[in-house]
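Structure first, commentary second.
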Amino acid sequence: MKRALRTVVAAGTVAALVAGCSLSGNTGNDPQAPTTVTLVTHDSWLAPQEVLDAFERQSGIKISVLKQGDAGALTNKLVLTKANPIGDVAYGVDSTFASRALTEGVFEQYTSPEADRGPQRYSVDPEHRLSAVDLGDVCVNVDSRYFVDKGIPEPKSFADLADAKYKDLMVAESPATSSPGLAFLLGTVAQFGEQGWQAYWTQLKANGLKTVSGWEEAYTKEFSGSSGKGPRPIVVSYASSPAAEIGDDGKPRTKALLDTCYRQVEYAGVLAGGKQVEKARKVVDFLLSQQFQVTVASNMYVYPARQGVELPQGWAQAAPLPQQPKTLEPAKIQAGREQWIAQWRTLLEG
């Protein structure tokens, strides 16, 4: 998953995390001979090295990170290598692809003792092969300043985006090549139904929608509200993106349209057939722990799945977590995903 990132974590916060790093169920090993556990993840993985080092000292486990593109590319790689896994544990398979990974038997059963602190709310598997780590809801974002300057009201809903007053103003990612693009497509299926979503996309196309291959191009090059200052003031991005666009006055320059959001949850799981199963379980525990969860918002611009984790200052105003996002059942996604993508390509690229 690509998303707007701020890589600076307050030194005091990191110091507190390191000082308090104590994980349930972990036993110390010889710190001079740590066991290496390979974590397969997406390109947006980012965690404070101090916190990873503290986990290594406490548990005797050194996490080796292996990045594999976005959530779709990551899932595809895990499926293709399931007979000979390229790692021990994986993080970043999201709710748009979880059904595929589960159907293919990529993960083995494991219920973390940390799961009852909140992650179980987002469970998608009765066998508990995946544990929710964070939420990265996908929403339409707008450049508020653009609409003030033009004297045009901001769009608020899916229907508004097809209105002629917003012609040639929106950019979205392709669901065939982008995780947020797929999430937005699924959101329209949830909103308009399997019989209505194609008509809606036909309206968007007629209203000048531009589609690009990925989030980075859409947000940093096409979107006027980002540092790239592109030409279009409406973009498909994340609910948390406005937190990266705080002005000198302390207020966000952009806004997520919360009525357009699709719930996207990122999961971690122990890879079936991995070489370090017991240690991989400890890594899942770590990813769900307070010590790691408190870092995810500042580092990866996602919302922690664990309850009671404080968000960075300003998020309550700039990036509130959507309360009623669109969702689809995993089985429905698995049954329809490839067909919907093919139909979308016919509509938008044909």
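Overview of values
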read-out: Structure-based [θ]222 nm, the chain - -39500 (n - 2.57) summed over DSSP H runs of at least 4, per residue, nearest 500; value: -10000 deg cm²/dmol
read-out: Listed peptides 230-240, 306-316 by packing density, highest first (mean Cβ within 10 Å); value: 230-240, 306-316
read-out: Highest to lowest packing among 257-266, 191-200, 87-96, scored as the average C-beta count within 10 Å; value: 87-96, 257-266, 191-200
read-out: Residue-wise HN-Hα coupling along the range 131-138, computed from phi with Karplus coefficients 6.51, -1.76, 1.60 (Hz; x: Gly, Pro); value: 10, 5, 9, 7, 10, x, 4, 9
read-out: With every protein chain in place, the range 206-350: carbon and sulfur % of accessible area (1.4 Å); value: 45 percent
read-out: Nearest-20 debye value, the range 143-219 charge dipole, Cβ charges on Lys, Arg, Asp, Glu; value: 200 debye
read-out: Relative frequency of Cα-Cα separations exceeding 21 Å in the range 215-335, percent; value: 53 percent
read-out: D_trans [Stokes-Einstein, Kirkwood Rh over alpha-carbon pairs] for the range 74-162, 4 °C, 1.567 mPa s, µm² s⁻¹; value: 80 µm²/s
read-out: Cross-link partners of Lys165 among aspartates and glutamates (Cα-Cα below 14 Å; sequence separation of 8 or more within a chain); value: Glu154
read-out: Dipole of the range 178-326 [Lys/Arg +1, Asp/Glu -1 at C-beta], most positive-end residue of Pro304, Ile234, Ser178; value: Ser178
read-out: Fraction of beta bridges assigned by DSSP in the chain that are antiparallel (%, nearest 5); value: 60 percent
read-out: Cα-centred dipole magnitude for the range 112-153, charges only on beta-carbon of K, R (+1) and D, E (-1), debye, nearest 20; value: 180 debye
read-out: Most to least packed among 120-132, 155-167 [average Cβ atoms within 10 Å]; value: 120-132, 155-167
read-out: Cross-link partners of Lys282 among aspartates and glutamates (Cα-Cα below 19 Å; sequence separation of 8 or more within a chain); value: Asp30, Glu50, Asp53, Glu56, Asp88, Glu108, Glu114, Asp116, Glu127, Asp134, Glu266
read-out: Accessible area (Å², per residue) of the chain, counting only protein heavy atoms and a probe of 1.4 Å; value: 41 Å²
read-out: Nearest-20 debye value, the chain charge dipole, Cβ charges on Lys, Arg, Asp, Glu; value: 380 debye
read-out: When the convex hull of its Cα atoms is projected in every direction, mean area for the range 120-177 (nm²); value: 6.7 nm²
read-out: Selection from Val270, Ala199, Ala54, by position along the positive dipole direction of the chain (Cβ); value: Ala199
read-out: Cα radius of gyration and Dmax for the range 278-350 (Å); value: 18.0, 49
read-out: Cα extents of the chain along the three principal axes, largest first (Å); value: 65, 47, 29
read-out: Eligible lysines near Lys167 by straight Cα distance, threshold 30 Å, same-chain separation 8 or greater; value: Lys2, Lys150, Lys156, Lys205, Lys210, Lys221, Lys229, Lys251, Lys255, Lys326
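The values are calculated or read from the model by the stated rules, or taken from the named source; none is laboratory data. Treat the numbers as computed from the prediction; the structure is a model and nothing was measured. Please note: Cβ atoms are built from the backbone with ideal geometry, for glycine as well, and neighbour counts cover all protein chains shown. Remember, those area values only see protein heavy atoms, side chains included, never the ligands or the DNA or RNA. Shrake-Rupley method; radii C 1.70, N 1.55, O 1.52, S 1.80 Å.
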